[in-house]
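Notes for the one structure printed next.
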């Protein structure tokens, strides 16, 4: 049976009134004033019966999980020990000095009973509250992702044949570590088809920068341009590439904010042909870096005519090569969705420009996407001056968002195991970051303790160094030259 907690002042308890003991500017006071935690009762009521022992009040459980990440407490056991010592925690939870602090297992049981959807709803409510407060523009958004270390060591990884690993994953009921709609051939033997972590089978074994491979999750995030509010997120196994989730998180942003995105900003990892074509179809401006830009030219193509030297004729759907020969469409590559235009090898063999055109003995081919006009339009947008400025701003916004989550709320390491628990962690952290933005933009910073770190924009740091350098040149150097200050 779902319990109810009625916070009341103790009349005879050492004459201590918690409402007076907690300072007026305590951040938890502002959180309790702005954020409604009681919504959880209607959300989880279906998980409780009508008879039996009363549980800990759901709103108290949600507040405890909030505190766990808000101040980045080391563990749930530690949290329960701290609650009895912190008067502001007890006030925030509605507890009195004589109230019994519940066992830490209450939190894990509640997570399992409620599921991730309840915590997703909590995150969405913070987004809606930021929208109502005018902190979300919604039209320009920034997308990025980050790898999160799973709560599993490298020693837990088992390597074997794909058949045995598939059987192990089925026994563990592991989440699929690759997309169902991937363009990869079924015969392709992926790395994670041959290994699995027995500690956390949902986490995929991936490499991060120069670090060794280990079980990790992939966190995909959307940040609004106006105030850095997190409007959408998705957590997947680490092997799911960031570019495969772009459309999903943008659609989630639009659903959470009820605002249509107009400009999508991302780095070149997202600038694939698939995403470039999808964006104009959705009426978005593509301010993403180009994954296949000029810097991606392969050495084997140096000295060879690029595709831009071939002229497309829309009237008869053909290309004209630099030598004036007409290239006709031969076939459609269903994976890349490109048409292949070719010249017979005997025509290329007799051409005086052959060495400048191809090194193949089978003749030159040119590929054209079935939505080439949209692709050209998207790439033109990605190279615009405004797109480059947006990508520079994206780097600052996303780095601030991820750094704040990592430094203040334990974002870079999984507390629990299995994908659904990692999703709960990410929803709670993102909700807390949004709440802090909501309160700080209202005129006061809600941070405390470890959460008090503020990240200084790069431009401000450079400005300080510039003024310091100017001061040294104008003041210290002249004094040194006159001997007033020793050079050492």
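Residue 108 meets the conditions (1) outside any helix (DSSP H, G or I); (2) exposed (fewer than 14 other Cβ atoms within 10 Å of the Cβ); (3) touching a helix residue (DSSP H, G or I) at 6+ places or on another chain (Cβ under 8 Å) in every case but one. The failed one is (1).
Name the single residue that is farthest from residue 163 (Cα to Cα) among those in segment 183-207 being over 24 Å from the mean Cα position of the chain (by Cα) and at pLDDT below 75. So the residue we want is 185.
Contact map, segment 328-348: residues that are farther than 16 Å from residue 375 by Cα paired with residues that are at pLDDT 85 or above and part of a helix (DSSP H, G or I), Cβ distance under 8 Å, separation 6+ or inter-chain. Pairs shown: 348/357. As a summary of the residue check, residue 404 satisfies the conditions (1) modelled with pLDDT of 90 or more; (2) out of contact with any strand residue (DSSP E or B) (no Cβ under 9 Å at 6 or more places or on another chain); (3) within 30 Å of residue 307 (Cα to Cα) except for the one numbered (3).
Do we find that residue 388 is over 30 Å from residue 144 (Cβ atoms) and assigned to a helix (DSSP H, G or I) in this structure? No. Applying the criterion of being in contact with a strand residue (DSSP E or B) (Cβ under 7 Å, 6 or more places away or on another chain) and surrounded by fewer than 19 Cβ atoms within 10 Å (Cβ to Cβ) to the residues of segment 407-434, the residue that is nearest to residue 267 (Cα to Cα) is 412.
Residues in segment 111-139 that are touching a residue at least 24 places away in the same chain (Cβ under 8 Å), closer than 30 Å to residue 392 by Cα and not in a helix (DSSP H, G or I): 133, 135, 136, 137, 138, 139.
When restricted to residues that are at pLDDT below 85 and outside any helix (DSSP H, G or I), segment 274-288 contains 3.
For segment 240-273, a residue qualifies if it is surrounded by fewer than 20 Cβ atoms within 10 Å (Cβ to Cβ), in contact with a helix residue (DSSP H, G or I) (Cβ under 7 Å, 6 or more places away or on another chain) and part of a loop (DSSP other than H, G, I, E, B), and the qualifying residues are 260, 267, 269, 272.
Can residue 383 be described as touching a helix residue (DSSP H, G or I) at 6+ places or on another chain (Cβ under 6 Å), touching a residue at least 12 places away in the same chain (Cβ under 8 Å) and under 28 Å from residue 252 (Cα atoms)? Spelling it out, it is not the case that residue 383 is touching a helix residue (DSSP H, G or I) at 6+ places or on another chain (Cβ under 6 Å), touching a residue at least 12 places away in the same chain (Cβ under 8 Å) and under 28 Å from residue 252 (Cα atoms).
Residue 379 meets all of the listed conditions (1) exposed (fewer than 13 other Cβ atoms within 10 Å of the Cβ); (2) under 32 Å from the mean Cα position of the chain (by Cα) but one, namely (1).
Filtering segment 140-156 to residues that are out of contact with any helix residue (DSSP H, G or I) (no Cβ under 8 Å at 6 or more places or on another chain), crowded, with 16+ Cβ neighbours inside 10 Å and not in a strand (DSSP E or B) leaves 151, 152, 156.
For residue 394, the stated conditions hold: it is part of a helix (DSSP H, G or I) and either closer than 24 Å to residue 129 by Cα or modelled with pLDDT under 50 (or both).
From 92, 37, grab the single residue that is in contact with a helix residue (DSSP H, G or I) (Cβ under 8 Å, 6 or more places away or on another chain), assigned to a helix (DSSP H, G or I) and under 24 Å from residue 415 (Cα atoms).
Working: 37 fails: assigned to a helix (DSSP H, G or I).
From the options 92, 37, the qualifying one is 92.
Filter segment 300-359 down to the residues that are assigned to a helix (DSSP H, G or I) and either over 23 Å from residue 376 (Cβ atoms) or modelled with pLDDT under 85 (or both) and list them by number.
Filtering segment 300-359 for residues assigned to a helix (DSSP H, G or I) gives 300-301, 307-309, 345-349, 354-357.
Matches in segment 300-359: 300, 301, 307, 308, 345, 346, 347, 348, 349, 354, 355, 356.
Each row is one residue, and each column tells you yes or no for (1) crowded, with 16+ Cβ neighbours inside 10 Å; (2) under 36 Å from the mean Cα position of the chain (by Cα); (3) more than 20 Å from residue 433 (Cα to Cα).
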residue	(1), (2), (3)
20	no, no, yes
35	yes, yes, no
41	no, yes, yes
50	no, no, yes
53	no, no, yes
66	yes, yes, no
70	yes, yes, no
74	no, yes, no
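From the set of residues in segment 8-22 that are touching a helix residue (DSSP H, G or I) at 6+ places or on another chain (Cβ under 8 Å) and part of a loop (DSSP other than H, G, I, E, B), which is modelled with the highest pLDDT? Break it down into steps so the answer makes sense when it comes.
Start the filter on segment 8-22 by keeping residues that are touching a helix residue (DSSP H, G or I) at 6+ places or on another chain (Cβ under 8 Å), which leaves 9, 18-19, 21-22.
Filter once more, keeping what is part of a loop (DSSP other than H, G, I, E, B): 9, 22.
On the way: 9: 62, 22: 90.
Applying the filter and picking the extreme gives 22.
The values are calculated or read from the model by the stated rules, or taken from the named source; none is laboratory data. Remember, it's a predicted structure, so these values are computed and weren't measured experimentally. Glycine also receives a Cβ, built like all others from the backbone with ideal geometry; neighbour counts cover every protein chain displayed.
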